Amino acid sequence: MIGRWIGGALLAARLAAGVAEAQTFPNPLPIENAGTVTRLPTPYPDNWVFLDYLASPGLIDSKAELVNPDARYAKQVIGQFSASYYANILVGTARPEVYVAETFYSRGTRGTRTDVITLYDKETLSPRDEIVLPGAKRWVGVVQPNAFQFADHETLGLVYNFTPRSTVTVVNLVTRQVLNEVPLPGCAMIYPTGPRGFSSMCADGTMVSVQLDKEGAVATQNVTTAFNDLNDDPLFAAPGVIDGVSYFVSYKGKVHPVDLSGVAPRLLSTWSLVTDDEAKANWRPSGNQQIAGQLVGGAGRLYLLMQPNGKDGSHLEGGNQVWVLDVASHAKLATIMLKGQAQCIAVSGGEHPRLMATTLGASLQVYDAISGAPIASMPIASTGAETLIYPARP
Amino acid sequence: MIGRWIGGALLAARLAAGVAEAQTFPNPLPIENAGTVTRLPTPYPDNWVFLDYLASPGLIDSKAELVNPDARYAKQVIGQFSASYYANILVGTARPEVYVAETFYSRGTRGTRTDVITLYDKETLSPRDEIVLPGAKRWVGVVQPNAFQFADHETLGLVYNFTPRSTVTVVNLVTRQVLNEVPLPGCAMIYPTGPRGFSSMCADGTMVSVQLDKEGAVATQNVTTAFNDLNDDPLFAAPGVIDGVSYFVSYKGKVHPVDLSGVAPRLLSTWSLVTDDEAKANWRPSGNQQIAGQLVGGAGRLYLLMQPNGKDGSHLEGGNQVWVLDVASHAKLATIMLKGQAQCIAVSGGEHPRLMATTLGASLQVYDAISGAPIASMPIASTGAETLIYPARP
Amino acid sequence: MSTIDRITEKLARGVANRTSRRGLFAWLGGTLAGAAAIPALPIERAQAAETTSNAPNPQDVGDASSCGYWRYCAIDGFLCDCCGGSVNACPPGTTMSPITWLGTCRNPTDGRNYIISYNDCCGKPACGRCLCSNEQGERPMARPQANNETVWCFGVPSQSYTCSTAIVVGVATERKQ
Amino acid sequence: MSTIDRITEKLARGVANRTSRRGLFAWLGGTLAGAAAIPALPIERAQAAETTSNAPNPQDVGDASSCGYWRYCAIDGFLCDCCGGSVNACPPGTTMSPITWLGTCRNPTDGRNYIISYNDCCGKPACGRCLCSNEQGERPMARPQANNETVWCFGVPSQSYTCSTAIVVGVATERKQ
């Protein structure tokens, strides 16, 4: 009677049929524990990745997911956490933490704005702490890696602000303290530089860089010569980084390596990743996260999402092939054909590096980064294009 | 040069071609004002409706939209506003206001929970005011009409709470004050009743009702005999309301009219909206908002979303046809075939009543509620099923 | 627990005079006392052994990330198995609500009807994966313990619904006609 | 306005020593001084008459709720025309940001190139209708006035992005080769 009362749908006929079957299994299934919550192994395996969504499902209601890019787990995520309103994430390795620079309004879309860095524990994916960013001035826009960066071996977190005045908020992630706000007139974004500093790209085509002291104040400052042709062939905002060198690429495929390992940026020799014939066919890098740098078997490799017939305005469309380039010889080693049009790519580290791409069809495509062989295709939680990929062990 | 500098893409060739064309139009287009914001006419036209989304795009980041269900405006909305976390809306006519019972967390999905009624101005769709609901106990679940209701000619707002203790918070919407919390042990939802009161459906199949005094305290209380067979044929939570009578329908199609115009509910004669043959074919009402009541040309009409082959568990699936019934004669006057599977329906008032249905294909289907002729099909902002429809002039 | 006990006791007292007390307790049986599990229930108690093994159980056959799995006959929401949890565990960083709704589902392999407790996991964004809308025995909020349209996140730090589990809490006894 | 003036003045001073001041002012031209419109711009000033009529203009042909409309050559977001506003007005309850990004779009009907100011409307949820991603002349944030990936909601009560307008603010002068 109780069963009937609770479920409302117990049919006597079914029960009668069940008697025979029950004889095969003399005991019913055991009752199970409730209250169990999954925990994660740390450090994470090499191949896990975070997906940082622009709007999944909404801009305010967005999230990051941790996934195992293996065909067996195509329907599953490993875990997820909120990442609100154009949030950028940073995956730590010095401490088992993930950092989310995010924004809240007291009434969702209105009320008081609060910007914070939320610190998540990698094992439990629970918030460990929160650092409030003063002034409600965090730059908000389509998610991108260089709006939120580490410096000083992950001791510092740097947040790019735009109000439309450009500044950088300097946070000590260990003590959870806001240290300083560095003015950045006419420059944008953050590229970790030297022992304790960062560089930014400026409107006049130069790169400005600062080193910070222990209190986060500017200790030294340097400006490069102009090398970013914002009129005719601008550099994409995010570089591929290998061994302290940041490889910026231009809309038309010129590579500008900048050594950011020292106190001041050092501009290295440029080269073109397209041949003259390819340039004529307007083969160009394209996408939201169109470049990835990775050491593969000890050699520096750039992976570039490419499109043919590029033109003014096509630089964010993405493409369906990835070129693999050797940074020493500048040779194109391989072309990996993607299943579908991708706008973001990343390459994981370790012995079995994976090329990953998020496509317009809302899937994560996974390939062997060396052979180019396809490994998995997994649905992701967004039909939108702007889903950044961050290897969980950068 | 400036144009080039700004846009970066001005081609001399195009400019040359443009000279000839410019001669046809000797003056360039005028520069335009910035800063204009649209305002709405009040009272709204009869045919406008509000769509209350469960999750569009997300549960927390959700919204309500005001739309003109006319084919000319298929791509457009008239306006929209936030409606956060299983929000229920109430469209006022006594004052030009819309009320949103909604919930916020200080950190999106976590932190401090705050429940509020937000009061929107119908002309500007801007918040006029906010009433904080104490205790963070508002019932949250798939949006439905009877979790938030008026009483006393829109002077009172009543919010159903569940913690899992059932209560009702009584708010004076004119003075913006919370008056009282009425305990509701074993009962649920809110059905406006009599001059200043409400009824609720109880677990034992009865309906309990209270009348409130000016301070929102319980003045009188009444309980009906049991009439809701929750075991074998439960009543859907939301009735169709016509002229003070609430027509509840059961999962299997029995109609239970309850006169809620007086101090105590009066149970009227029941009838079945399905014939014996239809009952055998398991024709049943189904959907999230499966019934609408409306005075059409002075006669009471019930519109019911129906499905054939209904069974245990199919009561929320919806259907692709709407039956039109006369409440006086109980006769089925018409069957309106819908384009697609709908889960919610509503009927607007006025001289040209419209039957509207939100379908699984994420569209709002609009029909002439008298002739059944299709009028419009408009995309809506949700692929989900749970999109309630509220006529803007109830 | 003490808060929840108090709340549910009050509820029990309030409802007791007009509805079956046994039914009410069945609903309260969906609460959990820590990990130690379910208090004495007015349903036939299944064997008390805990399931700790992940080995396939020939008596419990099905795909836990598919809506068609027998335990999900009255589930409405995202399957925790797709969200970083499992059929009976919550994803990292969430909290399992101790109060929930119940269904009665037939296990086709052993022919028995089990009481399934659909404990929601709470505190993260809605998972968004593996949405199922099964409604066997679902009832309006007048009978809350059978209502799956409610966000069942009570006694937890955040009521933000993430996903739903499906936990075997007992065997349904035969209806006495 | 005074706050915005101060902010942009500071910005102007900061950037002036390393970039074209005229270009910077072009960007500031996207700011609005109330409804009275645009301050003196270093671009050819179009005729000052205000557009108040809703009658179709044979010189301005296109569907304002379609991504292909000529003014939208550098728009990235939801068209306000689909969201309760119009090509140059914000939806009810939002606020138009006075600071914005600019594009240069060619009007195919009169062959002229116009400076278009894509003022965002702010304070409501993202509209979600009529999403367009046109990117002519789009530049990284090193040149912010040409960056459309930024939420251009400044000097407004809420930065919640709702939709984007496309307002004619001037005619682009011919490039001197």
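Let me have the 222 nm mean residue ellipticity of chain B computed from DSSP H runs of 4+ only, each contributing -39500 (n - 2.57), with the sum over all residues rounded to the nearest 500. Could you put the intermediate results ahead of the total?
Numbers: 3 runs with 24 residues, N = 394.
One gets -1500 deg cm²/dmol as the mean residue ellipticity at 222 nm.
Find the relative contact order for chain A and round it to a whole percent, using C-alpha pairs within less than 8 Å whose residues are 6+ positions apart.
13
Select from region B:290-394 those trypsin sites (Lys or Arg not before Pro) which occupy a DSSP coil region and have at most 14 other Cβ atoms within 10 Å, ordered by residue number.
Numbers: sites: B:301, B:311, B:332, B:339, B:354; in loops: B:311.
Qualifying residues, ordered by number: B:311.
Along each of its three principal axes, how wide is the spread of alpha-carbon positions in region B:274-394, in whole angstrom units, largest first?
In descending order, the Cα extents are 37, 36, 21 Å.
What number results when the radius of gyration of region B:86-190, computed over Cα atoms, is divided by 2.2 N^0.38 Å? It would help to have the intermediate numbers written out before the result.
Values: Rg = 13.2 Å, N = 105, 2.2 N^0.38 = 12.9 Å.
Taking the Cα Rg and dividing by 2.2 N^0.38 Å, one obtains 1.02.
Counting Lys and Arg as +1 and Asp and Glu as -1, what is the net charge of the other residues whose Cβ lies under 11 Å from the Cβ of residue A:358? Could the numbers behind the result be given before it?
Working: positive: none; negative: A:52, A:386.
In short, -2.
Across every pair of different alpha-carbon atoms, what Kirkwood hydrodynamic radius in Å does region A:48-90 reach? List each step's numbers first, then the result.
Values: mean 1/r = 0.0945 Å⁻¹.
The answer is 10.6 Å.
With N set to the residue count of region A:26-72, report its C-alpha Rg divided by 2.2 N^0.38 Å to two decimal places. Please list the in-between numbers first.
Details: Rg = 17.2 Å, N = 47, 2.2 N^0.38 = 9.5 Å.
For region A:26-72, the normalised Cα radius of gyration comes out at 1.81.
Could you sort out which of A:137/B:63; B:252/B:332; A:137/B:122; A:254/A:280; A:280/A:311 sit more than 22 Å apart by Cα distance in this structure?
Working: A:137/B:63 26 Å; B:252/B:332 16 Å; A:137/B:122 32 Å; A:254/A:280 14 Å; A:280/A:311 11 Å.
Checking Cα-Cα distances, A:137/B:63; A:137/B:122 exceed 22 Å.
If you take each beta carbon of peptide A:315-326 and count the beta carbons of other chains within 10 angstrom, what is the mean? Intermediate results must be reported in sequence, preceding the final value.
Numbers: counts 4, 7, 2, 0, 0, 0, 0, 0, 0, 0, 0, 0.
That average works out to 1.
For chain A, find the longest principal axis of its Cα atoms and tell me its angle to the long axis of helix A:12-24, 0 to 90°, nearest 10.
Result, in degrees: 80.
May I ask for log10 I(q)/I(0) of region B:344-394 at q = 0.21 Å⁻¹, from a Debye sum over the Cα atoms as equal point scatterers with solvent left out?
Log10 I(q)/I(0), no solvent term: -0.70.
Could you list log10 I(q)/I(0) for region B:298-368 at q = 0.12, 0.19, 0.23 Å⁻¹, which the Debye formula gives when each Cα is one point scatterer?
Cα-only, vacuum Debye calculation for region B:298-368: -0.33, -0.78, -1.06.
Identify which of B:101, B:147, B:219 has the largest mean-square fluctuation in a Gaussian network model of chain B, with springs joining Cα atoms closer than 10 Å.
Greatest mean-square fluctuation among the candidates belongs to B:219.
Scaled to the compact-protein estimate 2.2 N^0.38 Å, what is the alpha-carbon radius of gyration of region B:161-248, rounded to two decimal places?
Working: Rg = 13.5 Å, N = 88, 2.2 N^0.38 = 12.1 Å.
With N residues counted in region B:161-248, Rg over 2.2 N^0.38 Å equals 1.12.
Under the Kirkwood approximation applied to all pairs of distinct alpha-carbon atoms, what is the hydrodynamic radius of chain B in Å? Mind dumping the intermediate values first?
Working: mean 1/r = 0.0442 Å⁻¹.
About 22.6 Å, per the Kirkwood formula over Cα pairs.
Among B:362, B:55, B:281, which one moves the most in a GNM of chain B with springs linking Cα atoms closer than 10 Å?
B:281
What do the square roots of 5 times the Cα gyration tensor eigenvalues come to for region B:191-236, in whole Å, largest first, as semi-axes of the equivalent ellipsoid?
25, 9, 7
Of the listed peptides B:32-44, D:138-150, B:85-97, what is their order by residue-averaged count of other C-beta atoms within 10 Å, with the highest listed first?
My ranking of the peptides, most packed first, is D:138-150, B:85-97, B:32-44.
For chain A, with a Gaussian network of springs between Cα atoms less than 10 Å apart, report the residue from A:186, A:298, A:157 with the top mean-square fluctuation.
Highest fluctuation among the options: A:298.
Over all distinct Cα pairs, what is the inverse of the mean 1/r for region C:46-171, reported as the Kirkwood hydrodynamic radius in Å?
On the way: mean 1/r = 0.0690 Å⁻¹.
The answer is 14.5 Å.
Within a 10 angstrom radius of each residue's Cβ in A:178-186, how many Cβ atoms of other chains show up on average? Whole number is fine.
Details: counts 0, 0, 0, 0, 0, 2, 1, 9, 13.
For peptide A:178-186, the averaged partner shielding equals 3.
In peptide B:161-168, what is the residue-averaged number of other protein chain Cβ atoms found within 10 Å of each Cβ?
On the way: counts 0, 7, 5, 16, 7, 6, 0, 0.
Neighbouring Cβ atoms belonging to other protein chains average 5 per residue here.
No lab work stands behind these numbers, since they all come straight from the coordinates. Just so it is clear, the model here is predicted, and its values are computed rather than measured. Cβ atoms come from the backbone with ideal geometry, glycine included; neighbour counts cover every protein chain shown.
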